Amino acid sequence: MEKFEMEMNKISKELEVLMGNLEEIMDITLSSLVNIDIMGINKIKEMDIMIYHKTKELETRCVNLILLYSPVAKDLRRLITTMKILMDIDRIGRYSYDISLFIPRFYEKGHLGKPEIIPKMVDQTKKMVRIAIKSFIEENADIAESLQKEDDLVDDLFDKLENEIIEYVKSDINNLERGIGYMLIGKYLERMADHAVNIGDNVIYLIKGEKVIKL
């Protein structure tokens, strides 16, 4: 099983690189959104495609390991967990691209005030992605379990965003289109945070062999 361990270690290291790619695409997305830089959309799209193809490559390698070595117990759980995490990584990358598509909406009229809550949501979501991947690399259930409280902070920020947008629209109905754009961006960030929680839940399953039950 030495070759199996070597390949699993390679996959884990490449997973760490993907985490860095996720942080980069989220940084570019935030910068492009705040600065209304429509030129950034192409870069975000390229990175999203790269992340997609890399996740598919790693998924294939995980399947091949199952077929070649027929792992059992924790080794099998680790492969299954890795494939689930790769799906979450792919979705986080795709949501970054989806957010970038709203940038042209603000190009003509600019932002409603100064964007403050959305950058905070991006930073919190990035933090959650880092925690999630760290929990997987270190196989640390305690770190994984902390993600739920971190997710609550994202939910609180979304509530503040919602209230702020309502006030903007109340003051001027012409703010409605941009307001809806902000709300949808906030929703995408909420979903990205949810995927980070999913990664944590899968880490807990990997370590304890028990699925996390949501109440």
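Please treat every number below as a calculation from the coordinates, not as lab data. No experiment lies behind these values; they were computed from the predicted model shown. Because the Cβ atoms are built from the backbone with ideal geometry, glycine has one as well, and the counts that use them run over all protein chains shown.
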*Highest-MSF residue in the chain out of 168, 95, 205 [GNM, Cα springs under 10 Å]*: 168
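May I ask you to compute the full-extension gain from residue 114 to residue 7, defined as 0.36 nm times their residue separation minus their alpha-carbon distance, rounded to one decimal in nm?
Values: separation 107, 0.36 × 107 = 38.52 nm, distance 4.75 nm.
Full extension of this stretch gives 33.8 nm more.
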*What are the ³J(HN,Hα) values, in whole Hz, obtained from phi via the Karplus relation 6.51 cos²θ - 1.76 cosθ + 1.60 with θ = phi - 60°, for each residue of the range 173-183 in sequence order, with x given for Gly and Pro?*
4, 5, 7, 4, 4, 5, x, 4, x, 4, 5
*Give a residue-ordered list of calculated ³J(HN,Hα) values for the range 53-61 (Karplus: 6.51 cos²θ - 1.76 cosθ + 1.60, θ = phi - 60°; whole Hz; x for Gly, Pro).*
5, 5, 5, 5, 4, 5, 4, 4, 5
*To the nearest 500 deg cm²/dmol, what mean residue ellipticity at 222 nm is calculated for the chain from DSSP H runs of n ≥ 4 alone, each contributing -39,500 (n - 2.57), summed and divided by the residues?*
-29500 deg cm²/dmol
*Counting other C-beta atoms within 10 Å, which of 34, 203, 72 has the fewest, and how do the rest follow?*
72, 34, 203
*Based on the Cα gyration tensor of the chain, what are the three equivalent ellipsoid semi-axes, each the root of five times an eigenvalue, rounded to whole Å and given largest first?*
36, 19, 11
*Roughly what would the spin-label model give for residue 21 and residue 123, points 7 Å off Cα along C-beta, in nm?*
2.7
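Set the Förster distance to 22 Å, then compute FRET efficiency between residue 67 and residue 139 from the Cβ-Cβ distance, nearest 0.05.
On the way: r = 24 Å, r/R0 = 1.09.
Once the sixth-power term is evaluated, E becomes 0.35.
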*From the backbone phi of the range 96-104, what are the Karplus-calculated ³J(HN,Hα) couplings (6.51 cos²θ - 1.76 cosθ + 1.60, θ = phi - 60°) in whole Hz, Gly and Pro given as x?*
4, 5, 4, 5, 4, 5, 8, 4, x
*Among 172, 88, 48, which one shows the biggest mean-square fluctuation in a GNM of the chain, springs joining Cα atoms closer than 10 Å?*
172
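Cut-off is 10 Å between beta-carbons; in what order do 70, 135 appear when sorted fewest neighbours first?
Working: 70 9, 135 25.
Arranged by neighbour count, lowest to highest, 70, 135 become 70, 135.
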*Linear extension gain, residue 173 paired with residue 160, 0.36 nm per residue minus alpha-carbon span*: 2.7 nm
*Sorted by Cβ neighbour density within 10 Å, fewest at the top, the residues 52, 107*: 107, 52
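What percent do you get for the relative contact order of the chain when only Cα pairs under 8 Å and 6+ apart count?
Values: 238 pairs, mean separation 54.5, N = 215.
After rounding, I find 25 percent.
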